[in-house]
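The values are calculated or read from the model by the stated rules, or taken from the named source; none is laboratory data. Note that the structure is a prediction, hence the values are computed from the model and not measured. Here the Cβ positions follow ideal geometry from the backbone for every residue, glycine too, while neighbour counts run over all protein chains shown. We work out accessible area using only protein heavy atoms, side chains counted, and drop any ligands, DNA or RNA first. Shrake-Rupley method; radii C 1.70, N 1.55, O 1.52, S 1.80 Å.
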Amino acid sequence: MKGEAGHMLHNEKSKQEGHIWGSMRRTAFILGSGLLSFVAFWNSVTWHLQRFWGASGYFWQAQWERLLTTFEGKEWILFFIGAIQVPCLFFWSFNGLLLVVDTTGKPNFISRYRIQIGKNEPVDPVKLRQSIRTVLFNQCMVSFPMVVFLYPFLKWWGDPCRRELPTFHWFLLELAIFTLIEEVLFYYSHRLLHHPTFYKKIHKKHHEWTAPIGVISLYAHPIEHVVSNMLPAIVGPLVMGSHLSSITVWFSLALIITTISHCGYHLPFLPSPEFHDYHHLKFNQCYGVLGVLDHLHGTDIMFKQTKAYERHVLLLGFTPLSESIPDSPKRME
């Protein structure tokens with residue numbers, strides 16, 4: 001009996017080692033393929049974009065130097081505007097438009113693209129007001145102090161308000177690194193928050209919305225907001241010693257993308273929110289942003305067997321995917 005148990009233990013260990021090596025090989029393949037694609041993209045499309053950037057670069061450099069002159073000796077105010085106020089303006093402008101649809105169901109041109117049909121039609125006003133208060137608290141009492149605290153570190157590392165703007169190629173490289181860092185940090189911090197130890201006390205708050213809307217992208221326990229929302233976005237610019245222009249674009253882009261992921265509408269010509277919407281529906285699938293780590297860890301297996309996965313594409317027409325790829329009819333009991 002002992003021999004059989006030892007043999008079974010050995011086989012199980014071999015399977016685990018095989019799974020680990022297989023995961024490592026897939027990781028190397030994906031990262032290697034991504035690197036090759038990035039280099040090819042770098043040497044072709046970016047050449048043409050660089051010409052445009054170079055032509056307009058003198059204009060933007062002149063505007064930036066004018067700002068530096070205006071805020072000379074008070075660059076921290078310029079940093080506050082670029083790193084906090086501008087991204088927040090984008091966030092609330094976009095979410096303001098979505099909230100009109102969420103609360104009124106109009107215009108129909110947008111509401112017809114709803115992912116979870118029958119949910120939030122219209123959204124519960126009491127629940128919405130509570131969520132907006134939490135979002136404002138997280139922004140004012142967590143996000144703002146963290147970004148302000150970030151300034152002296154960036155100042156010491158490379159000065160975010162330095163006179164020379166980054167080149168277009170450097171800006172693209174920064175965005176690629178920011179995205180990679182965010183994917184890794186968000187995926188693992190998010191999975192950690194789904195551990196029973198942390199889920200009930202922290203992450204469950206965010207999952208009160210099984211059919212999410214845009215504004216609840218920042219509706220979370222303050223600890224989660226620090227660990228899973230802010231740090232994944234901040235670490236990249238800190239590591240790269242980024243210029244304020246890169247930080248402003250990155251923070252604004254990150255807020256817009258997370259809003260789209262939570263908005264509940266699969267709109268034409270915008271990134272698909274099906275992946276994260278399914279996470280809110282089922283809880284134990286689709287933890288990441290890009291889906292790369294979910295693929296490697298097998299946390300998207302159930303998702304890939306659904307109609308939502310078939311709809312997880314960029315919509316290039318105006319027919320809602322809920323109509324062109326409808327859910328399978330439910331079986332009669």
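Mind listing the phi-derived Karplus ³J(HN,Hα) values for the stretch 265-272, rounded to whole Hz, using 6.51, -1.76 and 1.60 with θ = phi - 60°, and x for any glycine or proline?
Karplus-based 3J(HN,Hα) across the stretch 265-272 equals 10, 9, 8, x, 6, 10, x, 6 Hz.
Per residue and in cubic angstrom, what volume does the convex hull of the Cα atoms of the stretch 218-333 have?
With only Cα atoms used, the stretch 218-333 gives 141 Å³ per residue.
Roughly what % of Cα-Cα distances in the stretch 103-180 sit above 19 Å, to the whole percent?
Of all Cα-Cα pairs in the stretch 103-180, 67 percent lie more than 19 Å apart.
Can you give the accessible area of E182, probe radius 1.4 Å, in Å² rounded to 10?
40
Which number do you get for Rg(Cα) / (2.2 N^0.38 Å) in the stretch 188-279?
Numbers: Rg = 14.2 Å, N = 92, 2.2 N^0.38 = 12.3 Å.
It is 1.16.
I want to verify the translational diffusion coefficient of the stretch 76-115 in µm²/s; compute it with Stokes-Einstein, Rh as the Kirkwood radius over Cα pairs, at 10 °C and 1.306 mPa s. Write out the running numbers ahead of the final one.
Details: Rh = 11.7 Å.
Translational D for this selection: 136 µm²/s.
The stretch 125-195: which trypsin sites (Lys or Arg not before Pro) are DSSP loop and have at most 15 other beta-carbon atoms within 10 angstrom? Could the numbers behind the result be given before it?
Values: sites: K127, R129, R133, K155, R162, R163, R191; in loops: R162, R163.
Of the trypsin sites (Lys or Arg not before Pro), the ones in loops of the stretch 125-195 whose Cβ has at most 15 other Cβ atoms within 10 Å are R162, R163.
Applying the Karplus parametrisation 6.51 cos²θ - 1.76 cosθ + 1.60 with θ = phi - 60° to the phi angles of the stretch 220-231, what ³J(HN,Hα) value in whole Hz is obtained for each residue in order, glycine and proline being reported as x?
Running phi through 6.51 cos²θ - 1.76 cosθ + 1.60 with θ = phi - 60° gives 7, 4, x, 5, 5, 4, 5, 6, 10, 9, 7, 4 Hz.
Residue by residue through the stretch 167-178, what is 3J(HN,Hα) from phi via Karplus (6.51 cos²θ - 1.76 cosθ + 1.60, θ = phi - 60°)? Round to whole Hz and write x for glycine and proline.
Ordered by residue, 3J(HN,Hα) equals 6, 5, 4, 5, 4, 5, 4, 4, 4, 5, 5, 4 Hz.
If you put +1 on each Lys and Arg Cβ and -1 on each Asp and Glu Cβ, how big is the dipole of the stretch 78-157 around its Cα centre, in Debye rounded to 20?
Numbers: 8 positive and 3 negative charges, 19 e Å.
The calculation lands at about 100 debye.
Once both labels are modelled 7 Å past Cα along the beta-carbon direction, what's the L270-T167 spacing in nm?
3.6
At a Förster radius of 35 Å, what calculated FRET efficiency corresponds to the Cβ-Cβ distance of S93 and S328, to the nearest 0.05?
Numbers: r = 38 Å, r/R0 = 1.08.
For R0 = 35 Å, the calculated efficiency reads 0.40.
Would you calculate the convex hull of the Cα atoms in the stretch 122-256 and tell me its volume per residue in Å³?
Taking the convex hull of the Cα positions in the stretch 122-256, it is 117 Å³ per residue.
Please check which bits of the stretch 167-187 a label hung off E65 would reach, taking the label as a point 7 Å along Cα-to-C-beta and the cut-off as backbone N under 20 Å.
167-168
Please list the radius of gyration and Dmax for the stretch 260-325, considering alpha-carbon atoms only, with Å as the unit.
Answer for the stretch 260-325, Rg first and Dmax second: 11.5, 34 Å.
For the stretch 211-275 and the stretch 283-299, compute the distance between their C-alpha centroids and round to whole Å.
If you average the Cα positions of each part, the centres end up 17 Å apart.
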